[in-house]
Structure formats: structure tokens, C-alpha cells
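Here's the structure we're looking at; comments come further down.
The values are calculated or read from the model by the stated rules, or taken from the named source; none is laboratory data. Since this is a predicted model, take the numbers as computed values, not measurements. Here the Cβ is made from the backbone with ideal geometry for all residues, glycine too, and neighbour counts use every protein chain on show. SASA here: full protein model, heavy atoms, side chains in, ligands and nucleic acids out. Shrake-Rupley method; radii C 1.70, N 1.55, O 1.52, S 1.80 Å.
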Amino acid sequence: MKIFCVGRNYVDHAKELNNPLPQQPVVFTKPPTAVIRNGQDFYIPDFSKNVHYEGELVIRIGKNGKNIAEKFAQKYVDAITFGLDFTARDLQDYLKENKLPWDLAKGFDGSAAVGDWLPIDQFPNLHDISFRTVLNGETVQNGNSSLMMFNIEKIISFVSHYFTLQVGDLLYTGTPAGVGALKAGDVLEGYIGEEKLLRTVVK
Ligand code: MG
């Protein structure tokens with residue numbers, strides 16, 4: 001399983017971190033050891049004092065493909081969920097300043113929380129899927145796939161031009177504004193529409 005993530009895919013989030021708007025999708029990866037599932041705890045790593053949650057729609061690939069055209073991309077999606085792209089923001093800032101890869105700040109153990117899957121046929125319109133991140137009972141991020149700079153089909157097409165997509169690969173599609181720091185004891189929950197798909201306790 002490969003895990004692809006898109007950065008800066010929502011204008012409001014790119015602006016809150018003072019990042020320029022990208023001309024093409026900003027893609028990075030996480031290793032399979034980054035995954036935690038619904039109900040598992042998230043452990044703040046000892047190398048960061050500023051770990052952020054990033055709530056995102058996550059797509060699961062259901063068919064192998066390479067150089068997938070946008071108009072056929074929807075056929076390659078078999079499920080969707082809410083996920084968290086945990087980020088060691090202090091380490092990422094250091095790596096960015098020094099023009100180094102983000103891997104250490106984005107791909108550490110536990111950095112990819114994945115909710116329970118919903119079959120994609122429940123979502124005939126991929127361009128109007130709402131989701132939200134709830135921290136300690138309060139909504140801190142509200143997103144909708146209509147606000148993506150690069151939509152799901154575009155991301156699949158773009159990524160598949162560089163990497164063969166395989167059954168089970170995951171695609172994190174970017175986070176809207178409202179990211180923030182975590183501390184031990186926090187409880188994070190993620191929803192698509194009214195369906196709670198992910199809960200994790202921060203340790
Ligand atoms: Mg992200």
C-alpha cells in the first residue's frame with residue numbers, strides 16, 4: 001500500500017500558513033507504518049513540540065492504473081473516509097526553510113489516521129462532499145470537496161502519471177483552514193456529512 005497526500009489544496013489553508021498557491025498538485029507520501037485506524041490512540045512523537053491535526057477526505061483506490069485520464073478517474077475510487085494527516089509543524093518549518101524533504105515531519109509512525117470506509121457509490125457527486133474535524137467536542141475545521149483547488153479526478157490523474165496506482169493505495173486530498181496544535185488528552189473526531197468515521201485520543 002502506498003499513501004499519497006496533497007498539500008495546499010484549499011485556498012484558505014494555504015493562506016493560513018502563508019504558503020503560495022500551487023500551479024499543480026503538491027504531492028508527498030507517507031509509509032504504510034504511518035497508518036492508525038479508527039479507535040487507535042495517536043502518540044505525540046518526542047521530536048516535536050508542535051504537532052498539528054489536518055482533517056482530510058481520504059480516497060481508497062480500487063483498481064490498478066497508470067496515466068489515468070481525468071474523465072475515467074472516478075472508476076478507480078472504491079471508498080472514501082475521513083483521515084488525519086498529522087504533521088510535526090515545527091520540524092516541517094525547519095525542513096522547508098532548509099529546502100529539505102518533508103518526510104520526517106509528515107511520515108512518522110501514527111501520522112496517517114484512517115477512518116472507517118464508506119463505499120464510493122454513496123457519493124454520486126465527488127465534488128460536493130462535506131466533512132469536519134471535531135476537537136474536544138468543538139468543530140475546528142469545516143471542509144467540502146467543492147473547495148479543492150485540484151479535484152479528486154485531477155489528483156488521481158496527476159499522481160498516476162508518476163506512480164502506478166494499485167488496489168488499496170490511499171490518497172489524502174488536503175486540509176481546509178483551521179489546523180492547530182495538539183496536546184495529550186485531546187480527543188479528535190472526524191465526520192463526512194453526519195457520519196462519524198474516526199475517533200482518536202491523543203497521548
Ligand atoms: Mg495535509
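A few notes on this one:
- Kirkwood estimate for the stretch 1-108, i.e. one over the average of 1/r between Cα atoms, Å: 15.6
- Of GLN166, TYR53, GLY107, farthest towards positive along the dipole that unit charges on Lys, Arg, Asp, Glu beta carbons give the stretch 3-201: GLN166
- Taking the convex hull of Cα positions in the stretch 1-45, its mean projected area over all directions (nm²): 4.7
- Applying 0.36 nm per residue to the separation of PHE163 and GLN23 and subtracting their alpha-carbon distance, the gain on full extension is 48.5 nm.
- Hypothetical label at GLU16: residues of the stretch 143-162 whose amide nitrogen lies under 17 Å (7 Å Cα-Cβ projection): 143-149
- Taken over the chain, the convex hull of the Cα atoms encloses 105 Å³ per residue.
- The local environment of ASN136, defined by Cβ-Cβ distances under 13 Å, has a net charge of -1 under the rule Lys, Arg +1 and Asp, Glu -1.
- Per residue, the accessible area of the chain comes to 45 Å² when a 1.4 Å probe rolls over the protein heavy atoms.
- Residues whose amide H comes within less than 5 Å of that of TYR10, counting only those at least five positions distant or on another chain, are MET149, THR175 (H built at 1.01 Å from N in the peptide plane).
- The stretch 75-174: radius of gyration and largest Cα-Cα distance (Dmax), Å: 15.2, 44
- In this structure, the pairs whose alpha-carbon distance is over 25 Å, taken from LYS154/LYS196; LYS15/LYS99; LYS2/LYS96; LYS2/LYS183; LYS30/LYS183; LYS49/LYS203, are LYS154/LYS196; LYS2/LYS183.
- Carbon and sulfur %, accessible surface of the stretch 126-187 computed with the full protein complex present, 1.4 Å: 51
- Placing a pseudo-label 7 Å from each Cα along the Cα-to-Cβ vector at ASP41 and LYS183 gives an inter-label distance of 1.8 nm.
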